[in-house]
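The next block holds one structure in the form of structure tokens; read it before the comments.
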Amino acid sequence: MRRSRNLGLLLLFFAATLCVRAETGSEAWLRYAPIAEPSRYATLPSRILVLPGSPADLAAANELQRGLTSMLGRPFTIVHGVHGTDAIIVTNLASLTRAGAAIFTFTGDKLLPEAFTLGEKVEGKTHRLIILGADPRGELYGAFHLLEIVASGQPLPTKPISDSPSSPVRWVNQWDNLDGTIERGYAGRSIFYDNGHVRADLTRVSGYGRLLASVGINGVTVNNVNSDLRTLEPEMIVEFARIADQLRPWGVRMSLSVDLSSPQVVGHLPTFDPVDPTVIAWWRIKVDEIYKAIPDFGGFVIKADSEGRVGPSQYHRTPAEAANAVARALKPHGGLVLYRGFVYNNHLDYNDLKADRARAGYDNFHALDGKFESNVVIQVKNGPIDFQVREPASPLFAALQHTSQAIELQITQEYLGQQRHMVFLVPMWKTTLDTDMRADNRSTPVKEIVEGKSFHQPLGGFVGVANVGLDANWMHHPMAMANLYGFGKLAWNPGLTTDQILDTWTRLTWGNHPTVVSTIDELQRHSWHVYEQYTGNLGIGTLTNILSYHFGPGIESAERNGWGQWFRADSTGIGMDRTVATGTGYIGQYPPELAKVYEDVNTCPDDLLLFMHHVPYTHVLHDGKTVVQYVYDAHYEGAATAQTYVPRWQTLKGLIDDERYEQTLKLFTYQAGHAIVWRDAVTRWFQKESGIPDKLGRVGNYPDRIEAENMTAEGYTPVDVKPWETASNSKAVVCNQASGCSLTTTLDKPADNYNIIVQYFDFWSGKSRFSVDLNGKPIGNWIADDTLPPVRAENQPNGDTSTRITFPNIPLKPGDTLTLHGTPDNTEPAPVDYVEITKQ
Ligand code: GCV
């Protein structure tokens, strides 16, 4: 009896060690998975010594205990007090001073704010690893640094190392609404709110604080920049204080987005004129009230005079007057105002060839340089339009030389595939950060401007619009978490390379297996370029439907309206003429050396050509291709690369856990199909607009496709798809009879094995059922119940809803009969675009 029980336990042990453990992704890069060679870290003492001190000491010690125990498979214990034994000592300068005793000689008094130093100290027989923070945050960052060293398999430092952040502002913004929705959030509902209130259970908020601290982020603005007018109501402040309590142990300060009309709406004053004494007094009293409830409150983010938000223009006041009124109230408490540079008119006149949205940031702010209070930071989006797939750096960065600035980067993939497409954004962000603005004819890269280095500004830094949600893995696409991680790492040190960031993220998130690491690194590394190839080339912007959800293609939506995301295409040419010589003059907003490069069509980099210039479709690029042929080739190349994601991913089966494997596989499968929707829409549109055919004859010519409207229909009727470019042949078929409809065709392919692909449309409003038969025998069936694409309200066949299913390896011969059955559900009429038969 006893023997068999032991055997059972033994088998259980083996099963547990052999299994790749199940994972939801909730631990992100803090998985602390057991490492392959724990003996490499045998010198790490098993005691973690905490001096009597701040709560951060304990948070750091707990994290070390949790991580090291799990990764190294031996127990680590926390001990308190001042012991003379081997230990990992985690502390900060203040705790050390409080403890009094000179327990070790390890100078940290030169540490910059939020910095840490980490090193081994062997004295006689006593061996210590010391993590010393300049302050509680530095201490936490040092602890996370040690954990990252172990998790990614790096050697322990042989000499003490120190590190400090690039800049003081390292914040994320969350565009969460109090009702629990998130503007441009693609990973479920808000972790902060539900139904108009702060959630009762804030466990995920504390988890978020931990994730942010682990990559050095020190602030979260917890509500939408399109701020709810209730935000500053007294009862809401009490609720927000509960969020701040969850973030505090992680050194993350909470801040709020506020509407400038609050003195009127919340305070019931007759005005919100920022220079009115009653308004100034209101802000002061309100801010005092906030600091009573939230002593470490970070400050306010302000979106004003932008996209329907009110602002100082209503009283003919400037952004500086508005920002300063609020900043003066915050200053005594150490709070900041992050005033957004995203101020523009969305009712521009398309017929005015001098009108240009890209000019707005500079035009609205440059004359105010030096007029802001010292605790105001202007928060400037990386590019002058709005988070497009490629934009030049905003000229405002070089124009504000006496004002602190933070760069606003978008981690949530609004225009970049909404976490249904893999797009690793660090290379894109680095392109902006490394852009040398040449202000005053000297080296002034954007990263050094926002760090406050170039123009000697006291504040500044990095703000990332994160929009994590309640999805277990925070951002929906497992690969998208590399963007949150990468944002934190770049904010800490914008000099890190893409590969340094990527490789460490991969190891921490997926493990150190060489095949896993090289495959995932390689997939992510070029993913921005691939997405750019199939969505919007040469600086034209993401060619998405800007009047809808910013997801699928919808090319002309950008033209002929007041939003100003124009590219001014006609039958002869395309691109915005932003030159000083003949265009909107935007290029003249850059310092002269850079302006000169952009102004000349011959020196302007090709990847910004259509942003800066209007050129004929036949304009020859630096690589010798014409613009139009480049667009065709890039779309085919990009979409072809997206097809490789699935087979490359499949090589990892069994090397990573099944849950995340399957989830990613499903997303890559979707991306492969949607990349083709994009490719066909954009290339067909260019061909029609320019009248110039693709030299390789691919565009509009799909020999393997059978259009649904050309199949023999029973019940199905053809409809025109809008915009026309988002369906093959611009048509789909829909079924409006509850009993279902069918489409039949006779195949004429030579005998062989093929993929049978069905391109159909999946709306949120229904769960249509489909099945495919070959010669009356079932091949497969499915329900169109995907929550992909993430477009809830879109109940039309178009580039947002178009998706596909593939049945691989089906033997076919000439004369086979293929039948597709569709049964509608609710308002989804089982819509179909085409069937495609491709070679294996
Ligand atoms: C929160 C774009 C987005 C909006 C966003 C706005 C902003 O226009 O589409 O959702 O509003 O930018 O950054 O304020």
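A few comments on the model shown:
- Label-to-label distance, nm, for residues given as H127 and T817 (7 Å Cα→Cβ offset): 7.9
- Cα gyration tensor shape of region 490-537, rounded if a/c is under 1.5, else prolate or oblate by comparing a/b with b/c: oblate
- Value in Å of the Kirkwood radius, where the chain supplies the Cα pairs that are averaged: 29.0
- Three-way shape call for region 349-449 based on the alpha-carbon gyration tensor, with the a/c threshold at 1.5: oblate
- When peptides 684-692, 203-211, 305-313 are ranked by their average number of other Cβ atoms within 10 Å per residue, the highest-first order is 203-211, 684-692, 305-313.
- Here region 351-502 has 48 percent of its accessible surface on carbon and sulfur atoms, given a 1.4 Å probe and all protein chains in place.
- Ranked by the mean number of other Cβ atoms within 10 Å of their residues, highest first, the peptides 430-442, 346-358 fall in the order 430-442, 346-358.
- According to the Cα-based calculation, Rg over Rh for region 404-513 is 1.02, with Rh computed by the Kirkwood formula.
- Within the chain, helix-based [θ] at 222 nm, where runs of 4 or more DSSP H residues each add -39,500 (n - 2.57), nearest 500: -9500 deg cm²/dmol
- Where labels lie 7 Å past Cα in the beta-carbon direction, separation of K666 and K722 in nm: 3.3
- A 1.4 Å probe run over the chain, with the rest of the protein chains in place, finds 37 Å² accessible per residue.
- The portion of the accessible surface of region 23-159 made up by carbon and sulfur, rounded to a whole percent, is 58 (1.4 Å probe; DNA, RNA and ligands excluded).
- Simple spin-label estimate for D201 and K688 in nanometres, 7 Å along Cα-Cβ: 5.0
- Cα pair distances in region 107-209, grouped into 10 Å bins until the bin that holds the longest one, percent each: 13, 30, 23, 21, 10, 3, 0
- Scattering curve values for region 207-267, log₁₀ I(q)/I(0), Debye with Cα scatterers, q = 0.19, 0.24, 0.30 Å⁻¹: -0.70, -0.94, -1.19
- Highest-first arrangement of 265-274, 574-583, where packing means the average Cβ count within 10 Å: 574-583, 265-274
- Dimensions (Å) - region 630-706, Cα atoms, principal axes, largest first: 50, 26, 18
- Links that overshoot a 26 Å alpha carbon limit, given the list K286/K381; K381/K596; K666/K767; K292/K453; K695/K839; K625/K839: K286/K381; K292/K453; K625/K839
- Cα centroids of region 266-302 and region 519-544: 43 Å apart.
- Relative contact order for the chain: 9 percent, from Cα pairs under 8 Å spaced at least 6 residues apart, divided by residue count.
- Average 1/r across all pairs of distinct alpha carbons in region 513-567, invert it, and you get the Kirkwood radius: 13.0 Å.
- Apportionment of accessible area to carbon and sulfur, region 722-781, percent (1.4 Å): 47
- Computed over region 699-775, Cα set: Rg, Dmax in Å: 13.6, 40
The values are calculated or read from the model by the stated rules, or taken from the named source; none is laboratory data. Values in this document were obtained by computation on a predicted structure and should not be read as measured data. Because the Cβ atoms are built from the backbone with ideal geometry, glycine has one as well, and the counts that use them run over all protein chains shown. When the accessible area is computed, the model is the full protein with side chains, heavy atoms only, and any ligands, DNA or RNA have been set aside. Shrake-Rupley method; radii C 1.70, N 1.55, O 1.52, S 1.80 Å.
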